[in-house]
Amino acid sequence: MISANLSAIFYLVSGVLFILALRGLSSPETSRQGNLFGILGMIIAITVTFLSTGNFSTGFIFVIIFILAGGSIGAFIAYRIPMTAMPELVAGFHSLVGLAAVFVAISAFLNPEAFNLGTPGNIKLGSLIEMSIGAAVGAITFSGSVIAFLKLQGIMSGSPITFKGQHPLNAIILISIVVLIYLLCSTQSSNLFWILLAVSFLIGFLLIIPIGGADMPVVISMLNSYSGWAAAGIGFTLENTALIITGALVGSSGAILSYIMCKGMNRSFFNVILGGFGATEDTSSSSTKEQRPVKSGNADDAAFLMKNASSVIIVPGYGMAVAQAQHALREMVDTLKKNDIKVSYAIHPVAGRMPGHMNVLLAEANVPYDEVFELEEINNDFANADVAFVIGANDVTNPVAKTDPQSPIFGMPVLDVEKCKSVLFVKRSLSPGYAGIDNDLFYKENTLMLFADAKKMTEDITKNL
Amino acid sequence: MEIDPLIFRLSIFILSIFVGYYVVWSVTPSLHTPLMSVTNAISSVIIVGAIIAGLSGNSDSIFNTSSIFGFLAIALAAINIFGGFLVTQRMLAMYKKKKKDKK
């Protein structure tokens, strides 16, 4: 058994190690070391907890058993999961953090003596407030992440689910959560605690269903942030520094990521959260749509264009992930490089279904990260490039965002693909993208549409090079 | 008059938000996915609360309602800790620089 002061210092150390873990991610070289810091911080935190309880009886053995059981499930998932499924995995993990926070809060509520928080029915007011906030946010994180997971996994339709009175209903529920927390703290009634949990689960579910598939980058980051705030709430209850520091880190990290994602779409956070985007625009755009000529080609034409180019910029999007085309793409690029063609990759901040999704897939396919560029770094290069190869992206290349103030995506930063001498657009059909609007790029003089599955088309091009 | 310890925790919390803010802005966008998976893993330090909850039962009855929730939370957090760190490690191992001889 170690003293409370000593364990507090160790918790602080593990909090600092977690900061270093995030700091390491500033560059790929330092990131691996950063991850080790994170693991070390976790080992310290767990060990100190064991030492400070000083309880090595039968209960301890069960704790170890549960850690190993959960750990082996986690390890199994981590090794088996394909990189394309990373958004689902992260959403799933968020739901577990949320649920764990709820369980810890329930446990503390039922047995506050174990945490030095008072006695059942007479819990310290401050702790009860912290606990109920932690539990409510945890429950929202859980049910919201489950919905995000189902949408990303395709079990649930990715299109927004909206109904009349949705926003007023959500507002009422959110207000009722605040009221419930207030009543719970003044009465200490356990019934109110269970109602609070139930209502929080419900609102998490209702908040995410109206948000469409391509807005998932914002949703995942937001839930990431929530899971942090839930952890911090529990950290205050348990008076645990490691948990408070981590909660604050994760909370602000998720908030920054959602901000970056919203900016990448030029939409306000509230616009995304209120949802329904892409569902309402459909009708107006389809009625005004006229048949315009498109040039379509085959793998042979594409290969010819690229063979005669001196520089090619690749624009990957979610479609590449769906078709699992990243390896085929890398093989194509290798062939191009053998012919002394300069190739780089341009990544839009919201390409894919989570922040950095495309970068991971390209890294998986052994694309060196110094060939991959962000929007601001590469956007000026399109004017000097010979061929832009758009694979699975759509809205993020749409020049309408720069020209038509009426368009729902007006003002969104887009890749200046149309400035290239020629554009190759791999797509399965002419259907509009997520925003429900036509892409002007399809009809440009210098655009060649390649209607096919992304993976198959890339393989065919490689054969023809 | 003594200062409530809550104020100290609140100070740590607020300062950590600022630390988080600056640290996360310095994360390179290409590593945003590993950032999410590692924040997932570290937020599972909530396991310390779960362990205290799990060990709250007395020696005669290890399992009571409260400790069962604790044990469940331990398992959930452990999935996240192992899964989160390992999948991050797996992703980070894939980020490679251009080989110089290939130029």
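The values are calculated or read from the model by the stated rules, or taken from the named source; none is laboratory data. Since we're looking at a predicted model, the values are computed, not measured. For neighbour counting, all protein chains shown are included, and Cβ atoms are generated from backbone atoms with ideal geometry for every residue, glycine included. In case anyone asks, the SASA skips ligands and DNA or RNA and just uses the protein heavy atoms, side chains included. Shrake-Rupley method; radii C 1.70, N 1.55, O 1.52, S 1.80 Å.
How large is ³J(HN,Hα) for each residue in the stretch A:248-260, as worked out from phi by the Karplus curve 6.51 cos²θ - 1.76 cosθ + 1.60 (θ = phi - 60°), to whole Hz, x for Gly and Pro?
Once rounded to whole Hz, the list reads 5, 4, 5, x, 6, 4, x, 5, 5, 4, 5, 4, 4.
Leaving ligands, DNA and RNA out of it, report the carbon-plus-sulfur percent of the accessible area of chain B at a 1.4 Å probe.
For chain B, the apolar C and S fraction of the accessible surface comes to 67 percent.
How large is ³J(HN,Hα), in whole Hz, for each residue of the stretch B:72-89 in order, when computed from phi with the Karplus curve 6.51 cos²θ - 1.76 cosθ + 1.60 and θ = phi - 60°, using x for Gly and Pro?
Whole-Hz 3J(HN,Hα) from phi for the stretch B:72-89: 4, 5, 4, 4, 4, 5, 5, 4, 5, 5, 5, x, x, 5, 5, 5, 5, 4.
Carbon-plus-sulfur fraction of the accessible area of the stretch A:1-122, 1.4 Å probe, in percent?
So the carbon and sulfur contribution to the accessible surface is 72 percent.
B:PHE8: net charge of surrounding residues, Cβ under 15 Å, Lys/Arg +1, Asp/Glu -1, itself excluded?
Here the charged neighbours net out to -3.
So for each of A:189-198, A:354-363 I average, over its residues, the number of other beta carbons within 10 Å; can you give me the resulting order with the highest mean first?
Top of the packing list down: A:354-363, A:189-198.
In whole Å, what are the extents of the stretch A:141-262 along the principal axes defined by its C-alpha atoms, from largest to smallest?
Result for the stretch A:141-262: principal-axis Cα extents of 41, 34, 23 Å.
Select from the stretch A:55-72 all residues whose loss of accessible area on going from the chain by itself to the full protein assembly reaches 20 Å² or more (probe 1.4 Å).
Buried-area filter returns A:ASN55, A:THR58, A:GLY59, A:PHE62, A:VAL63, A:PHE66, A:ILE67, A:GLY70, A:GLY71.
What is the set of long-range amide H partners of A:SER311 at a cut-off below 5 Å, with H atoms built 1.01 Å from backbone N?
Placed amide hydrogens put A:LYS342, A:ASP386, A:VAL387 under 5 Å from A:SER311.
Please report, in whole Å, how far the alpha carbons of chain B spread along each principal axis, starting with the longest.
Ordered largest first, chain B gives principal extents of 69, 42, 15 Å.
With viscosity set to 0.890 mPa s and temperature to 25 °C, compute the Stokes-Einstein D of the stretch A:151-223, Rh being the Kirkwood radius across alpha carbon pairs; µm²/s, no decimals.
Working: Rh = 13.8 Å.
Approximately 178 µm²/s, per Stokes-Einstein.
Counting only residues 5 or more places away or on other chains, whose amide H sits under 5 Å from the amide H of A:SER296 once H atoms are built in the peptide plane?
Counting only residues 5 or more places away or on other chains, the set is A:MET449.
Please state, as a whole number in µm²/s, the translational diffusion coefficient that the Stokes-Einstein equation yields for the stretch B:1-42 at 4 °C and 1.567 mPa s, with Rh defined as the Kirkwood radius across alpha carbon pairs.
Diffusion coefficient, whole number: 106 µm²/s.
For A:ASN5 paired with A:SER189, estimate the spin-label separation in nm (one decimal), with each label point 7 Å from Cα along the Cα-to-Cβ line.
Result: 4.5 nm between the two label points.
Would you list the P(r) distribution for the stretch A:1-85, with all Cα-Cα distances sorted into 10 Å bins from 0 and each bin expressed as a whole %?
P(r) over the stretch A:1-85, rounded to whole percents: 16, 31, 36, 14, 2.
What number in nm² do you get for the stretch A:423-464 if you take the convex hull of its Cα atoms and divide its surface by four?
Values: hull surface 12.9 nm².
For the stretch A:423-464, the mean projected area of the Cα convex hull comes to 3.2 nm².
Total accessible area buried between chains B and A, 1.4 Å probe, in Å² to the nearest 100?
Chains B and A together bury approximately 8200 Å².
Expected output is a single nm value to one decimal: the length gained when fully extending between B:LYS97 and B:ASN64, i.e. 0.36 nm times separation in residues minus the C-alpha distance. What is it?
6.5 nm
Tell me the per residue accessible area of the stretch A:300-365 using a 1.4 Å probe; a whole number in Å² is fine.
Working: 2090 Å² over 66 residues.
In whole numbers, the stretch A:300-365 has 32 Å² accessible per residue.
Taking chain B as a Gaussian network, Cα atoms linked when under 10 Å apart, which of B:SER56, B:SER66, B:SER16 shows the biggest mean-square fluctuation?
B:SER16
What's the center-to-center distance, using Cα atoms, between the stretch A:241-274 and the stretch A:363-397 in Å?
Here the answer is 26 Å between Cα centres.
Taking 2.2 N^0.38 Å as the expected size of a compact globular protein, what ratio does the Cα radius of gyration of the stretch A:1-147 give against it, to two decimals?
So the stretch A:1-147 has a normalised radius of gyration of 1.20.
Find out how many positive minus negative residues lie around B:ILE79, taking Lys and Arg as positive, Asp and Glu as negative, among other residues whose Cβ is under 15 Å from that of B:ILE79.
Cβ neighbours under 15 Å give a net charge of 0.
Across peptide A:6-18, how many C-beta atoms of other chains are within 10 Å of each residue C-beta, on average?
Working: counts 0, 1, 0, 0, 0, 2, 1, 0, 3, 5, 1, 1, 8.
The shielding value for this peptide is 2.
Between the stretch A:288-362 and the stretch A:1-63, what is the C-alpha centre distance in whole Å?
One Cα centre to the other: 43 Å.
For the stretch B:25-34, what does the Karplus curve 6.51 cos²θ - 1.76 cosθ + 1.60, with θ = phi - 60°, yield as ³J(HN,Hα) per residue in whole Hz, taken in order and with x for Gly and Pro?
The phi angles translate into 5, 7, 6, 5, x, 5, 9, 5, 5, x Hz.
Taking N as the number of residues in the stretch A:108-151, what value does Rg over Cα atoms divided by 2.2 N^0.38 Å take?
1.49
Quick one: angle between helix A:4-24 and the longest Cα principal axis of chain A, in degrees between 0 and 90, rounded to 10, please.
Its long axis makes an angle of about 0 degrees.
So what is log10(I(q)/I(0)) for the protein assembly as shown at q = 0.05 1/Å, when the Debye sum runs over its Cα atoms only?
The calculated log intensity ratios at q = 0.05 Å⁻¹ are -0.23.
Which whole number gives the average count of other chain Cβ atoms within 10 Å of the Cβ atoms across peptide A:216-228?
Going residue by residue through A:216-228 and averaging, the value is 2.
For the stretch A:391-456, what are the per-bin percents of Cα-Cα distances with bins 10 Å wide, up to the bin holding the maximum?
Answer for the stretch A:391-456: a P(r) of 22, 55, 22, 1 percent.
Could you work out the helix-only [θ] at 222 nm for the protein assembly as shown, with each DSSP H run of four or more residues adding -39,500 (n - 2.57) and the total divided by the number of residues, to the nearest 500 deg cm²/dmol? List each step's numbers first, then the result.
Working: 22 runs with 353 residues, N = 568.
Per the formula, -20500 deg cm²/dmol.
So, taking all protein chains as they sit and a 1.4 Å probe, how much accessible area belongs to A:GLU459, in Å² rounded to tens?
80
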